[in-house]
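Only the coordinates and a few stated rules stand behind these numbers; no lab work does. Model, not experiment: these values are computed from the prediction. Cβ coordinates were reconstructed from backbone atoms using ideal geometry, including for glycine residues, and neighbour counts include every protein chain displayed.
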């Protein structure tokens, strides 16, 4: 997801051990994991909403085009029958 290499992760962990007390590291990692999970779910929800709106707009355009084509066909039939 973030395209982070092994060495980058290792450096992040070493810095985290220095900055955060090793006793508090597991609970901090758990809290960070919860926030990342929450953020990911929010992003997925937003993507889903946007896609739904785009699909709805696409449907409206297709429906409008179909109605226009139907009217054009009816007008052609009326002019041909006269």
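The figures follow:
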quantity: Principal-axis tilt of helix 6-19 within the chain, Cα atoms, nearest 10 degrees; calculated: 50 degrees
quantity: Gyration tensor verdict on region 31-72 (Cα atoms; rounded if a/c is under 1.5, prolate if a/b is larger than b/c, oblate otherwise); calculated: prolate
quantity: Theoretical ellipticity at 222 nm over the chain - DSSP helices of four or more residues, -39500 (n - 2.57) apiece, nearest 500; calculated: -31500 deg cm²/dmol
quantity: Computed Rg/Rh of the chain, alpha carbon atoms with Kirkwood Rh; calculated: 1.54
quantity: Efficiency of FRET between residue 7 and residue 30 - r from beta-carbon atoms, R0 22 angstrom, step 0.05; calculated: 0.35
quantity: Crossing angle, helix 25-81 versus the chain [Cα axis fit, 0-90 degrees, rounded to tens]; calculated: 10 degrees
